[in-house]
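Student: Just dropping this structure here.
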Amino acid sequence: MKKRILAMLTLGFMVGCTAKHNIFTVEGEIDTINSDLKEICVKGTCVPVSKNIDKFKVHDLVILRLESSYTSQDVYDPKHIKVLSVEKVE
């Protein structure tokens with residue numbers, strides 16, 4: 001019985017680790033910066049920037065790399081988006 005439970009847990013862990021995620025980028029100028037919420041918006045996509053938000057200015061060109069937990073479609077849902085990087089283009 002213990003072996004069966006261990007096998008099911010191991011299989012569940014392996015399936016969870018191999019889940020596919022949609023990774024996409026948004027490139028453009030910063031439309032707005034909200035210092036209170038610590039987020040920047042580019043083309044209607046608002047993402048949190050926890051570090052060095054003061055280095056960004058409106059109209060700076062940036063590249064956002066985002067990961068969505070939706071596997072079957074490209075959907076921007078802030079609850080299911082993970083910010084991989086925010087890079088300022090010089």
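Student: Give me a comma-separated list of calculated 3J(HN,Hα) values for segment 42-55, in order, Karplus coefficients 6.51, -1.76, 1.60 applied at θ = phi - 60°, integers in Hz, x for any Gly or Pro.
Tutor: For segment 42-55, the Karplus-derived couplings read 10, 6, x, 9, 9, 10, x, 10, 7, 10, 6, 5, 6, 7 Hz, x marking Gly and Pro.
Student: At a Förster distance of 22 Å, what's the computed FRET efficiency of residue 25 paired with residue 59, Cβ-Cβ distance as r, to 0.05? Could the numbers behind the result be given before it?
Tutor: On the way: r = 19 Å, r/R0 = 0.86.
That gives a FRET efficiency of 0.70.
Student: I'd like to compare 50-58, 37-45: which one has the highest average count of other Cβ atoms within 10 Å, and what's the full order after that?
Tutor: Values: 50-58: 10.6, 37-45: 15.2.
My ranking of the peptides, most packed first, is 37-45, 50-58.
Student: Run the 1.4 Å probe and let me know the accessible area of residue 82, rounded to the nearest 10 Å².
Tutor: About 120 Å², ignoring ligands and nucleic acids.
The values are calculated or read from the model by the stated rules, or taken from the named source; none is laboratory data. The model shown is predicted, which means the values in this text are computed figures rather than measured ones. Every residue, glycine among them, receives a Cβ derived from its backbone with ideal geometry; neighbour counts consider all protein chains shown. For the accessible areas, the whole protein counts, side chains as well, though only heavy atoms, and no ligand, DNA or RNA atoms are used. Shrake-Rupley method; radii C 1.70, N 1.55, O 1.52, S 1.80 Å.
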